[in-house]
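The values are calculated or read from the model by the stated rules, or taken from the named source; none is laboratory data. Just so it is clear, the structure is predicted and the values come from calculations on it, not from any experiment. So basically every Cβ, Gly included, is an ideal-geometry build from the backbone, and we count neighbours across all protein chains shown.
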Amino acid sequence: MISLMKKELKRFKRLLSPDYPACSEGEWDDDDKGQDRMRQGILKITLHILRQMNQADLANTLQTKCAPVCQQKLKSKLKDKFQRINEGIFNQISSTLLNEIYTELYITEGGIGEVNNVHEVRQIETAFRRPETQETSVKCNDIFKALLGQNKPIRTVLTQGIAGIGKTVSVHKFILDWAEGKDNQDVHFIFPLPFRELNLMKEKYISLMELLHLFFKHTKELKSTDYEDYKIVFIFDGMDECRLPLNFAKNPNLFDITEPAPVDVLLTNLIKGNLLPSALLWITSRPAAASQIPPECVDQVTEVRGFNDPQKDDYFRKRIIDQSLANRIISHIKSSRSLYIMCHIPVFCWISATVLQRLLCKAESAQIPKTLTQMFTHFLIFQTKLKTQKYDEKYEVDPQMTQNNILLLGKLAFEQLEKGNLIFYEEDLRECGIDVREASVYSGICTQIFREEFELYLGKVYSFVHLSIQEFLAALFKLISFIGNKEHNSKITEFLKSEVNRALKSESGHLDLFIRFLLGLSSVSSQVLLRGLLAQTESMSSSQEDIVEYIKIKIRENSSPEKSINLFHCLNELNDHSLVQEVQTYLSKTGASRLSGARLSPSQWSALVFALLNSDDELDEFNLRKFDKSEECLLRLLPVVKTSRKADLSGCGLTEKSCLALSSALSSNSTSLRELNLSDNNLEDSGQKHLSTGLKNPHCKLETLKLFDCSIGEEDCAALISALKSNPSHLRELNLNYNEPGESGVKMLSNLLKDQCCKLEKLKLCDCSIKEKGFAALASALKSNPSHMKKLVLSCNKPGDSGIKMLAALLKDPHCKLEKLRLWKCKIGEQGCAVLTSALRSNPSHLRELNLNDNKLGDSAMKHLSDLLQDPHCKLEKLLLSECSIGEEVCIALISALMSNPSHIRALNLANNELGHSGVKQISDLLQNPQCKLEKLRCVLSYYHDIIKCNIEKHASTICTVMRQG
């Protein structure tokens, strides 16, 4: 063993020489599997030591040269496949190098993979409102790295994101950087297995090893044991496209990679960790399909958010050479809220650039699309075969050449939309009357709408360039089919009404964008654009007026403003803004209670919600008092609350009904709420229970919860803390001031603080009737998990000697990082203060604020405090000692200590103490010290000489607030 190790280390030394080639296959030609494994072990140890020595480049070089030959062949194959990217149709001529145009997409730490019961466009509208700073950003190459505060290893990552948002591009970038030797070089093999290709193996009975041989022929050189020795990453892209029955509960367990089984059984066992438990897995999916995987099988959930606002601008400026034209396009996009929001999706940026680049060069501004329907209509026309090269109002699509083909594509789009499919195979095309032998003709007629893809391994797959294109064509097909059907006796208005009703009944909202397009296509302006496809069977001008009125009726009937939001988008597609204009007068008001006394109809409330959600103002904080301090106002504006980062609902007379609604908002997987202030509301028992239900939901990401003076009793507090304990990792601040948590409530709170997942940084428990036992329990709990707490408010309680001793033990702990400690009016006497200050002296560098107001501290305790203040490690900035029985002699000692370490203190409160003449003079001397940085001084000056008064008031005019008597 030792001789082998020496031999290997010599070989490693040779390999690290720049002139020495990689391992040849002959070097590894050893029939002794035991020696082969020992070599692998020695290599792993050597790589680990090199990386520990910060020699990552040497480690990567050694690993690359020692890698089996098949790894280099795989890297070469993957590099060829993923180095180019296509916007629209896959065409080698029009493709671009990925590294040249790649923009780091906004990937964030996500929640749990559950079904989101709103359309993906609504999810984008919600994400558009969410500030980026409230989420943890993750680079695609760091997808398997633990985030700050995470201790567990990450095996399986689930990345969610709506269609076209950039999941696949992120995957391609990850693979390309590995193949080019830029990142993740500790990984031996990456095996991309897209679901769209695995679907083609639905009937196969095959082992995992054979599956890999089929997809990656070079892996035939690997032995079955190699898969356990090497670091392997499997990438399963597009789980929402999966047509395999992934039955995690009923599929049999499988542990041998050489044992044949159906492909879905291989997948479930790989994901569960039965097969190759050491392998890493990256799975991407649209949100609706993410819940197929059991949560216990996923270690990390991330979400691709697409382009943020600066990246949208960057995209247009990179893509369009003429920068003045690029600026005009950006300005136009920003002028339409619906278009600007959709530009979160990279594919929609490409569609917009394609359309606007041509129109702004040749058309009048009146012809420029301002709605989604107009944008997609222009895009459809541009991508079809044309009679002439010019585009103007006389320009028409050739009906004989394209109408039938577009209708067949529309039929495919509609039928597959109903089934929830985004990718199609030959049998899907045949079912819609499309001859698969002529599929390339269809992708040629609609050059960048419908695409025929030749996959890397197994064959052809068909799709539309984006889900929104599919929804647009589905709506076009429905409208043309209705108009062209002579058997229909009903008018177009009745048809549109029935489709509106059908969309409203959809619980998932999957028809939301479809109905927007359908109504937009029925408008007169769309008829003009598509007159070559739409037969003029009846005038639609009166129909448009009728359907606008019908939508307004539906808005009035719908009590939920959130459900009405899409109806307002429909009105926007029909160019009707009357309802929103009605409520603009309320929004233009300034100050508090702008809705006070207003009698708004249900449709006006809905219009108000729509206007707020689509305004240019950032909804960082929702303050109910700015609108109206009423429960009705809160319930009506709940969608706005959910979209805001902070919600201040303090002192608004909230009841059980409000708490039930807030619980629903906290439980929503689309909520942006991070701070909730419910202070000064009598929430009652039932309200507290509803609130607890929301807090324990895994979707709740509250960081700050303020429940100041909410009449929370012992039982309610226990339930509240129990809820927080079941979901503890997000909360950073908890304010329970002026409540009665009782002994059991304090005990539950102590248990929460002990939890290693608890990251609470600020805890406020002022005047909560906490006695000696509860105080000791809290301090003991914090001592067992001390590194997070930064601010602790325990004022107006009765800690007693044992409580103070336990608190002192916490303060001594070197892991304690407490910065603010407030203990005013806690009946802390001379002995208690001495214990506290002694503890602080042993760990003085973190504390910045100490409030001991209204405690009888005594002379010996103040001496300990003076010793603390003159310690050079003491960084105290705020010291509050009002009503602490401080006399003249003690004041002199205190200020003298500050003079020896004057550069940190910013605020000093000595009000209501007997400072005497000498004490006041000492303060004057401190203020004259050039190193003194005091900004706030509170003290009572009753007896002082004129010169002292002059010195103090000279500083008071610029930096101090001084109380004067006599």
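So here's what we get for this one:
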item: Residue match in segment 853-862 (condition: in contact (Cβ under 8 Å) with a residue 12 or more places away in the chain, touching a strand residue (DSSP E or B) at 6+ places or on another chain (Cβ under 8 Å), part of a loop (DSSP other than H, G, I, E, B) and not aromatic (Phe, Trp, Tyr)); result: yes
item: Residue list for segment 850-900, filter: closer than 23 Å to GLN928 by Cα and of a type in the set (D, E, K, R); result: ASP867, ASP871, LYS875, GLU877, LYS878, GLU888, GLU889
item: Check on ALA249, touching a Lys or Arg at 6+ places or on another chain (Cβ under 9 Å), at pLDDT 85 or above and not assigned by TED's automatic domain parsing to the domain that holds ASP428; result: no
item: Extreme residue, farthest from ILE85 (Cα to Cα), among residues of segment 302-321 that are of a type in the set (Val, Ile, Thr) and surrounded by fewer than 21 Cβ atoms within 10 Å (Cβ to Cβ); result: ILE321
item: In segment 791-818, the residues that are surrounded by fewer than 17 Cβ atoms within 10 Å (Cβ to Cβ) and outside any helix (DSSP H, G or I); result: LYS798, PRO814, HIS815, LYS817
item: Qualifying position, being crowded, with 19+ Cβ neighbours inside 10 Å, out of contact with any strand residue (DSSP E or B) (no Cβ under 8 Å at 6 or more places or on another chain) and more than 30 Å from LEU147 (Cβ to Cβ), among LEU325, LEU356; result: LEU356
item: Residue in segment 241-260 that is outside any helix (DSSP H, G or I), closer than 20 Å to LYS167 by Cα and either without any contact (Cβ under 8 Å) to a residue 12 or more places away in the chain or of a type in the set (Lys, Arg) (or both) present; result: yes
item: When residues of segment 604-622 are limited to those that are at pLDDT 85 or above and farther than 22 Å from VAL121 by Cβ, the one farthest from the chain's Cα centre (by Cα); result: GLN604
item: Yes/no for VAL609 being touching a residue at least 40 places away in the same chain (Cβ under 8 Å) and under 21 Å from VAL641 (Cβ atoms); result: yes
item: Residue, surrounded by the most Cβ atoms within 10 Å (Cβ to Cβ), within segment 328-339, restricted to residues that are of a type in the set (D, E, K, R) and in contact (Cβ under 8 Å) with a residue 24 or more places away in the chain; result: ARG328
item: Condition met for LEU267 (at pLDDT 95 or above and not basic (Lys, Arg)); result: yes
item: Qualifying positions in segment 907-940 - more than 15 Å from SER896 (Cα to Cα) and either in contact (Cβ under 8 Å) with a residue 60 or more places away in the chain or aliphatic (A, V, I, L, M) (or both); result: ALA907, ALA911, LEU937, VAL940
item: Filtered residues of segment 819-847 (kept if touching a strand residue (DSSP E or B) at 6+ places or on another chain (Cβ under 6 Å) and farther than 20 Å from SER769 by Cβ); result: LYS820
item: Helices (runs of 4 or more DSSP H) wholly inside segment 261-336 containing at least 3 residues that are under 24 Å from the mean Cα position of the chain (by Cα); result: 309-319
item: Within segment 319-354, tally of residues that are closer than 18 Å to VAL121 by Cβ and aliphatic (A, V, I, L, M); result: 7
item: Qualifying residue in segment 819-842 (condition: of a type outside the set (Gly, Ala, Ser) and over 24 Å from ASP801 (Cβ atoms)); result: yes
item: Single residue of segment 843-859 satisfying the filter (within 41 Å of the chain's Cα centre (by Cα) and of a type in the set (S, T, N, Q)) that is nearest to ALA809 (Cα to Cα); result: ASN843
item: ALA474 among the small types (Gly, Ala, Ser), modelled with pLDDT of 85 or more and under 28 Å from LEU193 (Cβ atoms); result: no
item: Counted residues, segment 599-631 - those being assigned to a helix (DSSP H, G or I) and farther than 21 Å from LYS552 by Cβ; result: 4
item: Matching residues, segment 759-797, being on the phi < 0 side of the Ramachandran plot and among the small types (Gly, Ala, Ser); result: GLY774, ALA776, ALA777, ALA779, SER780, ALA781, SER784, SER787, SER795
item: Filter result for LEU567 (within 25 Å of ALA475 (Cβ to Cβ) and surrounded by 14 or more Cβ atoms within 10 Å (Cβ to Cβ)); result: yes
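One line per residue, one yes/no per condition, for (1) buried (at least 17 other Cβ atoms within 10 Å of the Cβ); (2) at pLDDT 85 or above; (3) out of contact with any Ser or Thr (no Cβ under 7 Å at 6 or more places or on another chain); (4) not assigned by TED's automatic domain parsing to the domain that holds LEU211:
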site	(1), (2), (3), (4)
GLY410	yes, yes, yes, yes
GLU438	no, no, yes, yes
TYR442	yes, no, yes, yes
LEU458	no, no, yes, yes
LEU479	yes, yes, no, yes
